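Accompanying notes for the structure given below.
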């Protein structure tokens, strides 16, 4: 599976969250980062080049600050220009059919405010309806978004968890599944035996391993109970 | 009441619907049209000027083609730049409180497709959640939008109805009420006695007058029935 991460941010160098995500970006030939404002400083998008790029990937992720409940203007311009009729929809417009469409949203306000009665008043699921509608129109599968709330207030352990989640989101099929988490932790444990990690990092990875083994145990117990019941 | 209509369209001269709306624009000192792409061809928005403009008006309407379920990029840029903290929200950010916020959307697809099971799959109420959230955040009253579906397929009579609706939306308090429609038709009838109208226009205005008189009759009958019941 090949993943393209399209990033839109007008001042990416001044954003601590975007810098953190860029530094967390996994090194792999299967994953490409594409910053729109950096690629097109004059705002003139090369439509054919973008369309050719999209065709090469299976998962397209859009990473941006959720300013006023939507993307920065250049990403909106990108949608308006690149998702043409006969390419993305309409007659013979099936070039993106079956690919995955995901959002990685950076949000300044706390998660609990995004509900009826909260300060923002609407949920992320409600506010992202336009993106859900785009995915539907162009035949892409809309993934559960990765929403990062209040990055500047995160503690080190939370940032470490975010790093793992982000890498999984970018690299793995069904990133939220137990199986995906197992694969990730086994890789980490194998690498740990070769590298030197500092105390914080290694204790964090061990905690993750314990959590997965425990989750595994619960699932095995449930399966056994199910088999026992069927045998009676 | 003073109304500001902020229009965003990247190629306004080539849009038959936008040209129709501009030609329908009522002549009045209380109403101002403000085309963003025309005012800022280089995309550099004068934030202080825009903020000063907003303060002068009671109703702010945003008129744009609903490309990919959202505004053209320059209007998004306008939101990001103009609706600053301490102006539109946050500490002392009450400059727009109590004003009205309305959308005038031009949509290429038919109305019936905007529902679950339809081609677009989502309603206009769902897709405009980000704008509802903006209005809430900055303390403005969100009006029912005026949505114009498939303008190029409209017949003359439908365009005439749109013209009336548009003028009411821009000029009148509670534009959808029977009272507002009465005021409008009385003005038209008074003007008709002075002007020369062609057959189409005058028959249309007479039809509107008949409809309002009939609606009035129904409301009067209902009130009378209510009073009679109370007297028994």
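The values are calculated or read from the model by the stated rules, or taken from the named source; none is laboratory data. Everything quoted here is computed from the prediction, not taken from an experiment. Here the Cβ positions follow ideal geometry from the backbone for every residue, glycine too, while neighbour counts run over all protein chains shown.
Worth pointing out:
- Residue A:168 assigned by TED's automatic domain parsing to the domain that holds residue A:218 and free of Cβ contacts under 8 Å to residues at least 24 places away in the same chain: no
- Filtering B:93, B:98, B:118 for residues that are at pLDDT 95 or above, part of a loop (DSSP other than H, G, I, E, B) and under 30 Å from residue B:150 (Cβ atoms) leaves a single hit, B:118.
- Here residue B:86 passes the criteria (1) in contact (Cβ under 8 Å) with a residue 24 or more places away in the chain; (2) more than 9 Å from chain A (Cβ to nearest Cβ) except the one numbered (1).
- Condition broken by residue B:132, with the remaining ones in (1) more than 25 Å from residue A:121 (Cβ to Cβ); (2) at pLDDT 75 or above; (3) surrounded by 12 or more Cβ atoms within 10 Å (Cβ to Cβ) satisfied: (1)
- The one condition from (1) surrounded by 14 or more Cβ atoms within 10 Å (Cβ to Cβ); (2) within 12 Å of another protein chain (Cβ to nearest Cβ); (3) under 30 Å from residue A:164 (Cα atoms) that residue A:50 does not meet is (2).
- Yes/no for residue B:126 being over 25 Å from residue B:170 (Cβ atoms), within 12 Å of another protein chain (Cβ to nearest Cβ) and under 19 Å from the mean Cα position of the chain (by Cα): yes
- The stretch A:16-65: number of residues that are in contact with a strand residue (DSSP E or B) (Cβ under 7 Å, 6 or more places away or on another chain), farther than 26 Å from residue A:94 by Cβ and assigned to a loop (DSSP other than H, G, I, E, B): 1
- Of all the listed residues (B:93, B:43, B:118, B:110), the sole one being loosely packed, with under 14 Cβ neighbours inside 10 Å, without any contact (Cβ under 8 Å) to a residue 60 or more places away in the chain and within 14 Å of chain A (Cβ to nearest Cβ) is B:43.
- Every listed requirement among (1) more than 14 Å from chain B (Cβ to nearest Cβ); (2) at pLDDT 95 or above is met by residue A:79 save one, (1).
- Residues in the stretch B:144-172 that are modelled with pLDDT of 95 or more and touching a strand residue (DSSP E or B) at 6+ places or on another chain (Cβ under 6 Å): B:145, B:146, B:147, B:148, B:149.
- Only listed residue being out of contact with any strand residue (DSSP E or B) (no Cβ under 6 Å at 6 or more places or on another chain), assigned to a helix (DSSP H, G or I), at pLDDT 95 or above and more than 22 Å from residue A:57 (Cβ to Cβ), chosen from A:193, A:125, A:202: A:125
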